[in-house]
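Notes to accompany the following structure.
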Number of protein chains: 2
Amino acid sequence: MGVVVPLEDKSQGPGKAAPGKESQAIDGLVGLVAADMARVNSTILSRSISDVSMIPEVANHLISSGGKRLRPMLTLATAGLCGFGGEGHIKLAASVEFMHTATLLHDDVVDESDMRRGKLAARMLWGNEASVLVGDFLLGQAFKMMVEVGSLPCLEVLSSAAAIIAEGEVMQLSAAKDTQTTADDYLAVIRAKTAALFAAACEVGPIMAERSKADIAACRSYGANLGIAFQLIDDALDYGGSAAKLGKNVGDDFREGKITLPVVLSFRRGDDAERAFWKRTLEDNDIREGDLETALSTMRKHQALEDTIERARHYGAMARDALQIFPDSKWRQALFDVVEFCVSRAH
Amino acid sequence: MGVVVPLEDKSQGPGKAAPGKESQAIDGLVGLVAADMARVNSTILSRSISDVSMIPEVANHLISSGGKRLRPMLTLATAGLCGFGGEGHIKLAASVEFMHTATLLHDDVVDESDMRRGKLAARMLWGNEASVLVGDFLLGQAFKMMVEVGSLPCLEVLSSAAAIIAEGEVMQLSAAKDTQTTADDYLAVIRAKTAALFAAACEVGPIMAERSKADIAACRSYGANLGIAFQLIDDALDYGGSAAKLGKNVGDDFREGKITLPVVLSFRRGDDAERAFWKRTLEDNDIREGDLETALSTMRKHQALEDTIERARHYGAMARDALQIFPDSKWRQALFDVVEFCVSRAH
């Protein structure tokens, strides 16, 4: 594609980010939850088994495709932060990952995506039908596992999240192809479709540990703000980063007519000719040779990607602040580092 | 279409079924649950509200399309049968209907159906995306309501049903277009995709009423067998009945290549030429002018529809027998009559 977008964090000066910095930032978390994650992973595998062989085939295609499993790690880490000594966090973490996987399967159908995590999307191999139904199966299994844990407050948090995520996806569908979308509209969508699950993933740990309302709210706030930061960076990466790194191609959102923050900022800061360009490409879906390059150069002109990343930093800072009421610990430090990991993915 | 299939119950002699008999058979149930159903209906309406206007639009398109709401009525009636005096059955009944509605929305996408209950399928008006996501939203709302009721045993029953329903749908997908499907394979599919929700709908009433294991098992067995009978009749009606009555067209299953019991029986009882016909039309999807008429006359030749209805009567009898351990009451009588209603739909 030959498009290079400068995404350096100006506060560090260009080029300062050491190679491999990302993996270092999340290494602390990975190490702390390693033993629990092994149990979560075997739960995920055993719970995607079915006599109907298409189910584990489709589920494992996505499950084994090297996702980071960030959301279940957050459940384990917030349980650790709150000193939870029981068992329930394992199944809850696996439930959170199943809810996420179900969403991805349904998203691929909704977005008509060809690729997911660098592999062919399940719907390309087994059809839309299988993606819809295996997603439903995983959602059912997620609820079964939560029920087995038996905590009604956790069930309330996770079932509410399920409804809100779907609401956010429909909101995105309604806003799709509308270049008049405001940054607020956009934030409402990502709060629902992405941040709600991050928030729920971080809230069930302190609930299981029977912590105070303030501690539970702090973990929830950490998760919600981290989720917003994560999605903002994802949306910036769709116009930067390399396909290999992302597992998807630069410009997927552009080709699908998705209105994300980089577009919202470019549209609002642009002149009439630029607005006509965004309307033609994203609303009318009339995309011609060279349009992606024009989109990228227009975003550069308006610093749309840099500012999207700056906003991600803002939410990242809020996530960190939420956890400041907890005393310093290896858990808290690991959760701070996750914020850096999410934001620094843009480098 | 001009195709008339004789579906009379031979035990009554042709033409004996009085007009309006169907509605009489279910009138007892409708009357008994009327007050509770009014509360269920207002719960259904209030819980499909969302700030995202597309959600109530899509949901109400299907919800207001005149489905019988048989499943939530069963929840109310089995609660009544077991003398439940609390409140929880209302939300559980609404949850059951939402689970059913979500399944219908997803089924339409999977089957690529144009019509549902005599109206354009939601996916034809709002697209596949909306059907997938609004289905997910309703499923999320269903779980939220169940959690609000707060009975872990009921949550276990309903979340298990959700996973099994999806499993059944995938099973059907895997079996689709395979004319070698046995009657047992077919029964396994409908046990999962249809009977599991009927069973769960009937099981939560006695659970809420804290009845004995035997009473709970009896209600579950009633629901499961009624569900099988219901689906068998549905599959027979797809090759008989009138489009106006069904809200779908005769031969939909044929055109979609669905292997239902009438096909299984005709294939197994047929000669080589007939098997070649079923393979060409259902496996190879090569359907030509006059093929539906050939399918119908072949089914007539092998009494495939009559025998499908006979099998439905068998499961209907099992459903009735399951409830015989309960003393006679207006509730039990109404539940007996529902069996007759389901089976006599084929007239």
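Structure above, values below:
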item	result
Failed item, numbered, when A:LEU45 is tested on (1) in a helix (DSSP H, G or I); (2) among the hydrophobic types (A, V, I, L, M, F, W, C); (3) surrounded by 23 or more Cβ atoms within 10 Å (Cβ to Cβ)	(3)
Within the range A:269-285, considering residues that are under 28 Å from the mean Cα position of the chain (by Cα) and either surrounded by 15 or more Cβ atoms within 10 Å (Cβ to Cβ) or modelled with pLDDT of 95 or more (or both), the one nearest to A:ILE259 (Cα to Cα)	A:LEU282
Residue within the range B:73-82 that is within 13 Å of chain A (Cβ to nearest Cβ) and at negative phi present	no
Number of the condition not met by A:PRO262 [criteria: (1) part of a helix (DSSP H, G or I); (2) in contact with a helix residue (DSSP H, G or I) (Cβ under 7 Å, 6 or more places away or on another chain); (3) open to solvent by 50 Å² or more (accessible area, probe 1.4 Å)]	(3)
Candidate set from the range B:58-68 (those that are surrounded by 16 or more Cβ atoms within 10 Å (Cβ to Cβ) and in a helix (DSSP H, G or I)); member that is nearest to the other protein chains (Cβ to nearest Cβ)	B:VAL58
The lone exception for B:LEU133 - which of (1) open to solvent by 10 Å² or more (accessible area, probe 1.4 Å); (2) among the aliphatic types (A, V, I, L, M); (3) at the interface with another protein chain (Cβ under 7 Å from one of its Cβ atoms) it fails	(1)
Of all residues making up the range A:314-327, the number that are open to solvent by 50 Å² or more (accessible area, probe 1.4 Å) and in a helix (DSSP H, G or I)	4
Single match in B:MET124, B:MET99, B:MET37 (criterion: touching a residue at least 60 places away in the same chain (Cβ under 8 Å) and either in a loop (DSSP other than H, G, I, E, B) or within 23 Å of the chain's Cα centre (by Cα) (or both))	B:MET99
Exclusive hit being polar (S, T, N, Q), within 23 Å of B:PHE198 (Cβ to Cβ) and modelled with pLDDT of 95 or more, set B:SER329, B:SER266	B:SER329
Count of the range B:150-174 residues which are in a helix (DSSP H, G or I) and either open to solvent by 30 Å² or more (accessible area, probe 1.4 Å) or facing another protein chain (nearest Cβ under 7 Å) (or both)	17
Matching entry among B:LEU138, B:LEU133 (being assigned to a helix (DSSP H, G or I) and without any contact (Cβ under 8 Å) to a residue 12 or more places away in the chain)	B:LEU133
Count - residues of the range B:33-52 that are within 14 Å of another protein chain (Cβ to nearest Cβ) and small (Gly, Ala, Ser)	3
Qualifying residue in the range A:246-258 (condition: assigned to a helix (DSSP H, G or I), of a type outside the set (Asp, Glu) and open to solvent by 30 Å² or more (accessible area, probe 1.4 Å))	yes
Of all residues making up the range A:180-238, the number that are polar (S, T, N, Q) and farther than 24 Å from A:GLU306 by Cβ	2
Single residue of B:VAL170, B:VAL189 found to be touching a Phe, Trp or Tyr at 6+ places or on another chain (Cβ under 7 Å) and of a type in the set (A, V, I, L, M, F, W, C)	B:VAL170
Residues (within 10 Å of chain A (Cβ to nearest Cβ) and among the β-branched types (Val, Ile, Thr)) located in the range B:87-121	B:THR103, B:VAL109, B:VAL110
Condition check for B:ILE55: hydrophobic (A, V, I, L, M, F, W, C), crowded, with 16+ Cβ neighbours inside 10 Å and more than 14 Å from chain A (Cβ to nearest Cβ)	no
Test: residue in the range B:175-186 that is basic (Lys, Arg), buried (at least 20 other Cβ atoms within 10 Å of the Cβ), in a loop (DSSP other than H, G, I, E, B) and in contact (Cβ under 8 Å) with a residue 40 or more places away in the chain	no
A:ILE207 vs. criteria closer than 14 Å to A:THR75 by Cα, free of Cβ contacts under 8 Å to residues at least 24 places away in the same chain, of a type in the set (A, V, I, L, M, F, W, C) and touching a Pro at 6+ places or on another chain (Cβ under 9 Å)	no
Within the range A:198-229, tally of residues that are under 25 Å from A:ALA183 (Cβ atoms) and among the β-branched types (Val, Ile, Thr)	1
Qualifying positions in the range B:69-105 - surrounded by fewer than 24 Cβ atoms within 10 Å (Cβ to Cβ) and within 22 Å of B:SER212 (Cα to Cα)	B:GLY80, B:CYS82, B:GLY83, B:PHE84, B:GLY85, B:GLY86, B:GLU87, B:GLY88, B:ILE90
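The values are calculated or read from the model by the stated rules, or taken from the named source; none is laboratory data. Predicted model, so just to flag it, every value in this text is computed and none were measured. Positions of Cβ are backbone-derived with ideal geometry, glycine not excepted, and every protein chain shown enters the neighbour counts. For accessibility, only protein heavy atoms count, side chains too; no ligands or nucleic acids. Shrake-Rupley method; radii C 1.70, N 1.55, O 1.52, S 1.80 Å.
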